[in-house]
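Here is the structure we will look at, set down as structure tokens.
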Amino acid sequence: MPDDPLQGTGLKIGNYKCFKKPEGFENILPFNIIIGRNNAGKSALLDVLPYIVTRQSNQMLALDGKGADVHVTTPIQATEIERVISPAWGNKNRIIGRRITWSPHGDRQLFISVEEIEPPVPRGLLDPLANNAPNPFFGYHCKRLRAERDIKPEQAATFGIAADGTGATRTIHHFRTHAERDSAILEHTMLDDLNTIFGTDAHFTRIDTREDQGTWEVYLDEEQKGRIRLSRSGSGLKTVILVLAYLHLIPRIENADTSKYLYVFEELENNLHPAVQRRLLHFLREFSEQHGCHFFLTTHSPVEIDYFARDEHAQVLHVTNDATNASVTTISAYAHGKHVLDDLDIRASDILQSNGIIWVEGPSDRLYLNRWIELWTDGTLREGAHYQVLQYGGSLMAHLTALPPDALSDAIHILTTNRNAAVLMDSDKTNTTDDLSLTKRRIINELEVHNGLSWVTSGRTIENYIPTPLWQKTIGRAPGPYEHAITFIADQNPQAATKLPSDKVKLARTIITQLTRDHLVTLDLAEKVGMLCDRIKQWNGM
């Protein structure tokens with residue numbers, strides 16, 4: 001992700017609709033997922049965004065004739081301190097970076113609170129600090145796409161897209177016909193993105209507009225169906241086109257930098273197949289990473305919750321309402337996450353909490369595997385979003401089976417946990433002629449029959465994939481492919497051995513920080529990692 005100008009910024013609203021006291025965003029992240037029951041207050045929470053961007057009168061958010069309370073939290077900058085604090089005043093560095101909360105009122109900003117500072121800063125300095133704090137949202141644009149939306153035939157007049165989709169046809173037509181607009185945005189950029197999101201479900205070759213008795217309509221050329229009217233297509237397709245129009249067309253109409261947009265999209269999942277949902281979310285995630293814009297998504301979909309739950313650039317906020325007051329909780333623990341699923345009436349059987357599971361022997365295997373996948377895919381595949389790693393504990397593999405869930409067996413059915421499964425196993429060979437154990441051969445055969453993936457290390461254990469240059473840099477020489485790597489470390493001279501820990505997990509944490517993609521040439525590592533990443537993409541419809 002590019003550097004985020006809103007990092008450390010918070011935003012809350014109170015005394016507005018169902019929010020009696022200020023509630024909202026402790027921090028603004030690139031992706032902000034807002035969930036909760038209908039009428040809990042999700043849409044009301046988002047009303048604060050266009051207000052703080054435009055800084056119109058507080059009465060724009062009036063509740064019973066009384067202005068809403070808007071609280072903004074920003075890190076104190078050195079330039080603000082220099083403006084309001086005398087050069088002779090104490091150690092000013094202890095204030096820099098502390099978060100101060102203020103409220104916009106007319107042409108002033110009133111001090112609300114500040115993070116703890118020792119020794120305390122006099123109130124007489126905090127008031128001018130708050131009043132001089134820059135609005136972090138200055139220069140941003142807020143664009144909202146509501147859950148009730150459509151793209152309809154329209155007369156070609158003024159352009160611009162409203163929150164319900166009105167104007168989308170006129171805007172697309174404008175980019176098709178006006179010489180000052182680059183039609184390649186439609187013919188290539190939007191078309192390519194549309195096909196990326198729909199994947200193998202459809203392939204479109206053209207986005208066009210056609211006139212019928214003074215009314216213009218959007219048409220799509222689809223590889224299998226020929227030319228189709230968008231008005232006769234499903235609302236899911238219209239949603240994706242609206243999203244792409246917001247991302248590509250609106251910034252060009254407004255002649256604004258895409259990084260300066262706050263996109264508020266409500267219930268994108270409506271009438272979208274889960275596979276298309278995932279591809280749309282993945283597209284938005286990459287778009288944000290490339291352009292630096294921010295997204296605020298309301299949803300009832302477990303797909304979105306699952307996709308962003310472990311993303312460091314995303315947060316999930318749960319809006320609840322006890323009939324007298326609405327509150328917002330940022331999900332940071334499993335216990336609250338479980339409460340979210342209960343609140344949305346999502347049962348454990350309704351949600352595949354990961355799109356595939358990779359079974360490994362122990363925690364060190366997980367560390368190596370995640371790093372290899374990160375290097376192979378440039379970080380586009382991530383644990384938690386695209387797959388999950390589970391540990392089977394070495395010899396406990398004898399108690400696992402990859403038979404179908406309805407097959408009679410006393411063993412634990414890994415396909416019941418998730419129908420998409422891969423298993424990484426140490427070969428445990430001491431030389432090239434050793435046979436695999438009966439348990440490993442059984443698991444390999446069962447997975448092969450049921451479209452699972454097995455990976456047996458080419459060397460003795462996963463540690464034998466540590467590249468030779470890293471061994472030479474530390475120990476002085478590398479173990480052979482069938483030597484026991486941990487024993488090898490311990491057997492070296494004490495001075496050299498201190499450079500690599502003999503604990504498997506500590507060793508993995510030391511090694512993965514030094515790995516690069518060039519190191520994936522060790523043994524059959526590149527082949528196996530590539531094969532596994534292809535399978536993960538298949539699980540995710542990528």
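No value in this document is a laboratory result; all are computed from the given coordinates. Fair warning: this is a prediction, and the values are worked out from it, not measured in the lab. As a convention, Cβ positions derive from the backbone with ideal geometry for all residues, glycine included, and neighbour counts pool all protein chains shown.
The antiparallel fraction among DSSP beta bridges confined to the chain stands at about 55%. Of Thr9, Pro274, Thr432, whose Cα points farthest to the positive end of the dipole of the chain (charges on the beta-carbon: +1 Lys, Arg; -1 Asp, Glu; origin at the Cα centre)? Ranked along the dipole, the leading option is Thr9.
Among 457-468, 199-210, sorting by the average number of other beta carbon atoms lying within 10 angstrom of each residue, highest first, gives 457-468, 199-210. 3J(HN,Hα) along segment 9-15: 8, x, 8, 9, 9, x, 6 Hz, from the Karplus curve 6.51 cos²θ - 1.76 cosθ + 1.60 with θ = phi - 60°, whole Hz, x for Gly and Pro. Rounded to the nearest 500, the helix-only mean residue ellipticity at 222 nm of the chain stands at -9000 deg cm²/dmol, with each DSSP H run of n ≥ 4 adding -39,500 (n - 2.57).
Checked against a 18 Å cut-off, the cross-linked pairs Lys473/Lys499; Lys42/Lys143; Lys152/Lys238; Lys20/Lys42; Lys429/Lys499 give Cα-Cα distances beyond that limit for Lys429/Lys499. Please state the shape class of segment 160-203: rounded when a/c is under 1.5, otherwise prolate if a/b exceeds b/c and oblate if not, all from the C-alpha gyration tensor. Cα axes put segment 160-203 in the oblate bin. Max-minus-min Cα coordinates of segment 68-166 on each principal axis give 67, 23, 21 Å, with the largest extent listed first. The packing ranking of peptides 178-189, 316-327, 296-307, highest mean first, is 296-307, 316-327, 178-189, where packing means the average number of other beta carbon atoms within 10 angstrom of each residue. Among the complete DSSP H segments of the chain, which ones combine at least 18 Å of alpha-carbon extent along their axis with a mean Kyte-Doolittle hydropathy of -0.5 or more? Helices passing the filter in the chain: 235-248, 525-539.
Based on Cβ point charges of +1 for Lys and Arg and -1 for Asp and Glu, what charge dipole magnitude is obtained for the chain about its Cα centre, in debye rounded to the nearest 20?
It comes to approximately 780 debye.
Let me make sure I get this right: for the chain, a, b and c are the square roots of the gyration tensor eigenvalues over alpha carbons, sorted descending. Under 1.5 in a/c it's rounded, otherwise prolate if a/b > b/c, else oblate. Which is it?
Cα axes put the chain in the oblate bin.
I need the fraction of alpha carbon pairs in segment 174-265 separated by more than 14 Å, rounded to a whole percent.
For segment 174-265, the share of Cα pairs beyond 14 Å comes to 69 percent.
With the highest mean first, a sort of the peptides 371-381, 166-176 on other beta-carbon atoms found within 10 angstrom per residue produces 166-176, 371-381. In the frame of its principal axes, segment 449-493 has Cα extents of 48, 18, 11 Å, reported largest first.
Evaluated with a Cβ-only charge set (Lys, Arg +1; Asp, Glu -1), segment 220-260 carries a dipole of roughly 200 debye about its Cα centre, given to the nearest 20.
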